[in-house]
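Readers should treat all values here as calculations from the given coordinates under stated rules, not as data from a laboratory. Predicted model only: the values in this text are computed from it and were never measured. In this analysis, Cβ positions are derived from the backbone assuming ideal geometry, glycine residues included, and neighbour counts consider all displayed protein chains.
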Amino acid sequence: MSAVRLLVLGAVLRRGRAHGYQVRADLEAWGAHEWSSATSGSVYHALKAMAGQGLLLVHETTPSEAGGPPRMEYELTGEGRQTYLTMLRKGLSSRDPRLDLLAAAVGLIEDLPRAEALDLLRRRAQAMDQWRASIVEQVPPDTDLDTWGPVGDVIGLWLHTAQSRAEWTHRLIRRLEEGAYRMADEG
């Protein structure tokens, strides 16, 4: 699953209908070019590819003033909306260590009803807790990972990553429970 595809579908959905420049500008305004591979080329490539896959409907609008081809606007199809929501749900519930995908999903979280978003994040938190427990199971009790050389540092990295991501997810769950954000089912 690609963070760029999720971001592009989310940006088009939020506008209703948008041309590539608007999508790219929205993603840059969100800072996505800093934490994902959402470059100008990748945005336009994703738009074209997803239009070819039937996820986006293409509308030709005004001709280019510079003499080029007409500007194309994109709109989600029903299949595109389903694909977007599936990707969003997976991005929120998975323990996938790719931060760009998680960041994209959290940035678009308001497109879901609050109860569903909470359920997905609780699944993610449980998966993170299980991941950390599975790492701990592999290490004998009272082991000093520093004596394991580079392997000990790798295990320490994964333990730290699992712990910090679980803590972050539990914090986001608490914020949503307390009413943070205006979710899809809240008008």
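Return the distance in nm (one decimal) between the two label points of a simple spin-label model at Tyr21 and Leu145, each offset 7 Å from Cα along Cα→Cβ.
It works out to 5.0 nm between the two label points.
Take the Cα gyration tensor of the range 113-186, multiply each eigenvalue by 5, square-root it, and list the three semi-axes largest first, rounded to whole angstrom.
The answer is 34, 10, 8 Å, longest axis first.
Work out how much length Arg174 to Gln138 would gain on full extension: take 0.36 nm times their residue separation and subtract the Cα-Cα distance, in nm to one decimal.
Contour length minus the Cα-Cα distance gives 9.9 nm.
Can you list the residues, at least 5 places off or on another chain, whose amide H is less than 5 Å from the amide H of Leu76, using H built in the peptide plane?
Amide H to amide H, under 5 Å and 5 or more residues apart or across chains, Leu76 pairs with Leu57.
With θ taken as phi - 60° and the coefficients 6.51, -1.76 and 1.60, list the Karplus ³J(HN,Hα) couplings across the range 130-137 in order, rounded to whole Hz; mark glycine and proline as x.
Couplings: 5, 4, 5, 4, 5, 5, 4, 4 Hz.
Report Rg/Rh for the range 3-105, rounded to two decimals, where Rg is the Cα radius of gyration and Rh the Kirkwood radius.
We get a ratio of 0.99 for the range 3-105.
Order these peptides, 120-129, 175-184, by their mean beta-carbon neighbour count within 10 angstrom, highest first.
With the highest mean Cβ count within 10 Å placed first, the list reads 120-129, 175-184.
Students often get this wrong, so try it: which of (1) 18.4; (2) 17.5; (3) 16.6 is Kirkwood radius over Cα pairs in Å as calculated from the structure shown?
Given (1) 18.4; (2) 17.5; (3) 16.6, the structure-derived one carries the label (1).
Taking the Cα-to-Cβ direction at Leu157 and at Arg71 and moving 7 Å from each Cα, how far apart do the two end points lie in nm?
4.5
Over the range 113-186, calculate the relative contact order: mean separation of alpha carbon pairs under 8 Å at least 6 apart, over the residue count, as a percent.
54
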